[in-house]
1. Take the conditions part of a helix (DSSP H, G or I) and crowded, with 23+ Cβ neighbours inside 10 Å and apply them to LEU146. Does it pass?
2. Identify, please: which residue in the range 52-78 is under 13 Å from GLY31 (Cα atoms) and more than 20 Å from the chain's Cα centre (by Cα) and is, among those, surrounded by the most Cβ atoms within 10 Å (Cβ to Cβ)?
3. Exactly one of (1) under 26 Å from GLN183 (Cβ atoms); (2) surrounded by fewer than 19 Cβ atoms within 10 Å (Cβ to Cβ) is unmet by THR109. Its number?
4. For the list (1) more than 26 Å from the chain's Cα centre (by Cα); (2) part of a helix (DSSP H, G or I); (3) surrounded by fewer than 16 Cβ atoms within 10 Å (Cβ to Cβ), I need the number of the one condition that GLY170 fails.
5. Taking only the range 174-192 into account, find how many residues are open to solvent by 40 Å² or more (accessible area, probe 1.4 Å), in contact with a helix residue (DSSP H, G or I) (Cβ under 7 Å, 6 or more places away or on another chain) and assigned to a helix (DSSP H, G or I).
6. Mind checking which pairs have a first residue in the range 84-109 that is more than 9 Å from ALA121 (Cα to Cα) and a second that is open to solvent by 50 Å² or more (accessible area, probe 1.4 Å) and β-branched (Val, Ile, Thr), Cβ under 7 Å, 6 or more apart or different chains?
7. Is at least one residue of the range 193-215 closer than 27 Å to LEU112 by Cβ, part of a helix (DSSP H, G or I) and not basic (Lys, Arg)?
8. Could you tell me which residue of the range 193-214 is farthest from MET158 (Cα to Cα), considering only residues that are surrounded by 18 or more Cβ atoms within 10 Å (Cβ to Cβ) and polar (S, T, N, Q)?
Amino acid sequence: LMAGKDLGIGSPSGQDYDADFLIALETFRKGDTREAYAIAQALHDSNPDKVDPVNLMAACHVALGEASQARAMLDKVLQMEPYNPAATLNLAKLDLQAGDPESARSRLTAFLAEVPGNTQASILLANIEAQLGNNDNAIKTLEQALEQHPDETSLRAMLAQAYYNTGRLGDVLILTRDTNTEQYREQPLLLELRGKTHMLTGDIPAANRDFKQWTDIEPDSARAHFLYSDSLARSGLP
């Protein structure tokens, strides 16, 4: 499903919860929102202790633009499972859509106090903190998440960007120093920030190496080639 492939598993039988829930998810992914809702409703009726069908029903309401019904469903999920990640994240997103970033911030802060390091919640909270001008809080949130998930390159890239944006250039270099080629391949932004930091600190040869590695990883990136050419020009190299 995550790869966008058609499972081709037919219609729900009403006998196998797992199979029927997969059918509901596939139906939702295909855009048959009301049909997905009907399957999820039937699953909820026959399995009232399961939170996933309720979460899917909430997602259907969101897809249909029915924010109040979605919120009611997500509140129901949290009654069943107080720190359910999907419900918490979706409620926070609904808060943002309603123009209430402070509520989203409070919700995510409370969630991360109980479930520290959750990647998606940490990224969303850091974005909210940055939008509210709380850059130190945004950085702290990302640092705590990265401590929990040191191999999560999306967190590393976002933290490196936050360091760069706030002028903490030494921290950018420390954070990207031990990054391996595969991690750079996953997040070329790390190489871009490392190279730009070396440029700003006057270490042009190091910037050349960074941007050269970036062009090797992404040979079709016009930005990578532009910055590499610029660093070569600044060092007097052809």
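The values are calculated or read from the model by the stated rules, or taken from the named source; none is laboratory data. Being a predicted model, the structure only gives us computed values, none of them experimental. Heads up, the Cβs are rebuilt from the backbone with ideal geometry, glycines too, and the neighbour counts pull from every protein chain shown. SASA here: full protein model, heavy atoms, side chains in, ligands and nucleic acids out. Shrake-Rupley method; radii C 1.70, N 1.55, O 1.52, S 1.80 Å.
1. Considered against the rule, which asks whether it is part of a helix (DSSP H, G or I) and crowded, with 23+ Cβ neighbours inside 10 Å, LEU146 comes out as no.
2. CYS60
3. The failed condition is (1).
4. (1)
5. Final tally of qualifying residues: 3.
6. Final answer for the pair search is ASN90/VAL62.
7. Yes, that holds for at least one residue.
8. Looking at the filtered set, the residue picked out is ASN208.
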